[in-house]
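Read the structure below first, then the notes.
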Amino acid sequence: MNRNRFPAFAWCALWYNVLVILWGAYVRATGSGAGCGNHWPLCDGQVVPRAKSVELLIEFSHRASSGLALIVAGIMVWWAFRVYEKGNRVRLGALWVLLLTISEALVGAGLVLFKLVAHDASVYRAVAISTHLANTFLLLAALTMTAHLASGGKNIRWSGQGAIGGAIGLALAAALLLGITGAVTALGDTLFPPSSVMQGIHQELSPTAHFLQRVRPLHPFIAMSVGLYILLIAGLTARLRASEDTHKYFQAIAFLFFCQIGLGLFNVVMLAPIWMQLLHLLVADLVWITLVMFAASALAEGTRRVEFGDRRLRDLEIASAADVLQSRQTGGQATIDTSDLGQAAGWKSYLALTKPRVISLLLFTTLTAMFIAADAVHRVTLPLFIAVAIGGYMAAGAANAINMVIDRDIDGRMKRTASRPTVTHEIPGWKAFLFALILEIGSFTLLWSAANLLCALLALAGLLFYVFVYTLALKRRTWHNIVIGGAAGAFPPLVGWAAVTGDLSMLAWYLFAIIFVWTPVHFWALALLIKDDYAAAGIPMLPVVLGERVTVIQIGIYAILTAMISILPFAQRQVGLIYLLPAVLLNVALLGRSLQLYLNPERPQAKLLFKYSMVYLALLFLVMAIDRSFRI
């Protein structure tokens, strides 16, 4: 046996197992699991049965292909132990492949022997299917890592990886959970196929529906939540542990995720035909394999720490490539102040990570939106109010903390942000990221348990939009950053509304639109005040790129749009005169301030508009809440 040929064999074994998995899904989807009767390992009591039915041929071919997979796993172990030295991780990987292949066969045997096949719809079958899927994913991970290591890849090292290791580990666990929910959903589609999309919705909402029907709606929600979390972690890791491999696998994960979302939608619309189920499963397997390879590249031995000269700085483990390059250009000595590294930061420093002054206004719109949404049916209770206040703060604080980790290089070049704890290294990047991760998990759990899943998902969506769209995609590339990315600040009222009602009405989207068009007025007024800071940091804010004159004109345009949209709820009879009269006065003042800035674009006018814009939004939401309370 030639050692040089083992990697190709390992990769072929991986893709062969993917085909076996797809054929197993075809067996389940066609109801052919009982094709060989209750016999195992024999089929219909024979080693090679007669072709009595199509179901028997399908099931027997699956058993034969699975048996060949077991032989392949045995050859892999034998070959690995012959050509690799003792202690080599390829040997361990091959052993795991064999063990998981055996357990895969045993789970399949249990399905047959306990008659959990064909049309069985018991909870035991759902548990067995979940176990089967989990074992399948672990087998694919073992095959992937064995092939990766045999091809010269470095082994994963989990110890000492800090927040990045924990975040990637959670991403793998979440992807495994997502796969399990997908398997249970596919089982429900097979056993209870709807005749139309609407009938499927009625089935899922019926209190008398089978549990496999009732759990079906959870899969798309979990898919979006898990998928977006994986994208967030992969994107941050690819940036903070920059390498050709991490960027390559991040791009692959993003592409496959959006393909999977599209396939999921088509699956629902087309009522889950078998070929679509198989394609959906194939992409799920590819996402899992790519995620494993991403973890291998991000957590490979030797990438955990950053060294400056002879000094090892554990707390800078997620320092960016730019930081490393800068240190090398200065003769291997760190150009940052490392005196605070390793010292415990106080609670005030962690509170500063959340940007409480920025959050206060957003949180106010969240809480007032709860009272705007309330009616005779939906009430705002004190426990719900407190839970949304805490959960909303935690979600926004997590987004701000992640923003500080990503932007610590440019924050250090701006006077306004130079004292942030991530810049001064009072809180190292990995600790700030771990803090943000804990906040977000706590926020999602609290909002889901105290309110509902939609509320939790909207809070998560706001975080992801802020991090991905604004911070990563737009902030450093275009002056449109605040126009598009500023929509992240418009999610809070949706969170408050959904917490009370469990859905989103047209008025909720009006609240979203008001903040969306108000944001450029507010932020560009601030940008006029600190444009020199933005210029020094290389951030293409509108005053830096196109000048003050264009900025004040754009502020005027968006002020007019804000005034128009803020009156639409009255035109739609969603609010009354109690709202209209103060809203008109507030808008007149907003337009007046914008006009003064246009006529005299100086710092005092910009400062007055910036401060008034905050008062404007708070009072507008407050009077709407008061108006709506009198309509209950």
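The values are calculated or read from the model by the stated rules, or taken from the named source; none is laboratory data. Remember, it's a predicted structure, so these values are computed and weren't measured experimentally. Note that we place each Cβ from the backbone using ideal geometry, even for glycine, and neighbour counts take in every protein chain shown. Keep in mind that these areas ignore ligands, DNA and RNA; they rest on the heavy atoms of the full protein, side chains included. Shrake-Rupley method; radii C 1.70, N 1.55, O 1.52, S 1.80 Å.
Some points to look at:
- Within the range 590-624, the residues that satisfy the criterion of being among the small types (Gly, Ala, Ser) and buried (at least 20 other Cβ atoms within 10 Å of the Cβ) are 594, 606, 613.
- On the stretch given as the range 9-49, residues that are under 25 Å from residue 281 (Cα atoms), part of a loop (DSSP other than H, G, I, E, B) and open to solvent by less than 30 Å² (accessible area, probe 1.4 Å) total 5.
- Within the range 430-468, the residues that satisfy the criterion of being surrounded by fewer than 22 Cβ atoms within 10 Å (Cβ to Cβ) and among the hydroxyl-bearing types (Ser, Thr, Tyr) are 445, 449.
- The C-beta contact set for the range 75-88 (first residue touching a residue at least 60 places away in the same chain (Cβ under 8 Å), second residue in a loop (DSSP other than H, G, I, E, B), distance under 7 angstrom, 6+ apart or interchain) comprises 79/1; 82/1; 83/1.
- Condition check for residue 621: within 24 Å of residue 371 (Cα to Cα), in a helix (DSSP H, G or I) and modelled with pLDDT under 95: no
- Evaluating residue 253 against the criteria (1) over 21 Å from residue 454 (Cα atoms); (2) over 13 Å from the mean Cα position of the chain (by Cα); (3) buried (at least 18 other Cβ atoms within 10 Å of the Cβ); (4) modelled with pLDDT of 85 or more leaves one unmet condition, (2).
- Residue in the range 479-494 that is open to solvent by less than 40 Å² (accessible area, probe 1.4 Å), assigned to a helix (DSSP H, G or I) and of a type in the set (Val, Ile, Thr) present: yes
- Residues satisfying the stated conditions in the range 85-138, i.e. modelled with pLDDT of 90 or more and aromatic (Phe, Trp, Tyr): 96, 124, 137
- Annotation: of all residues in the range 86-145 being outside any helix (DSSP H, G or I) and closer than 16 Å to residue 186 by Cα, the one that is most open to solvent (accessible area, probe 1.4 Å) is 119.
- The lone exception for residue 72 - which of (1) open to solvent by 30 Å² or more (accessible area, probe 1.4 Å); (2) of a type in the set (Val, Ile, Thr); (3) closer than 20 Å to residue 10 by Cα it fails: (1)
- Residue under evaluation residue 216, criteria (1) assigned to a helix (DSSP H, G or I); (2) crowded, with 21+ Cβ neighbours inside 10 Å, criterion not met: (1)
- Of the residues making up the range 125-141, those that are over 14 Å from residue 180 (Cα atoms) and out of contact with any Ser or Thr (no Cβ under 9 Å at 6 or more places or on another chain) are 140, 141.
Residue by residue, here is whether (1) farther than 15 Å from residue 516 by Cα; (2) in a helix (DSSP H, G or I); (3) not aromatic (Phe, Trp, Tyr) holds:
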site: 539; (1), (2), (3): yes, no, yes
site: 545; (1), (2), (3): yes, yes, yes
site: 551; (1), (2), (3): yes, yes, yes
site: 554; (1), (2), (3): no, yes, yes
site: 560; (1), (2), (3): no, yes, yes
site: 564; (1), (2), (3): no, yes, yes
site: 570; (1), (2), (3): yes, yes, no
site: 573; (1), (2), (3): yes, no, yes
site: 578; (1), (2), (3): yes, yes, yes
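- Scanning the range 146-167 for residues that are β-branched (Val, Ile, Thr) and open to solvent by 20 Å² or more (accessible area, probe 1.4 Å) yields a single hit, 156.
- Contact map, the range 241-262: residues that are closer than 19 Å to residue 168 by Cβ paired with residues that are open to solvent by 40 Å² or more (accessible area, probe 1.4 Å) and basic (Lys, Arg), Cβ distance under 9 Å, separation 6+ or inter-chain. Pairs shown: 246/239; 247/239; 250/239.
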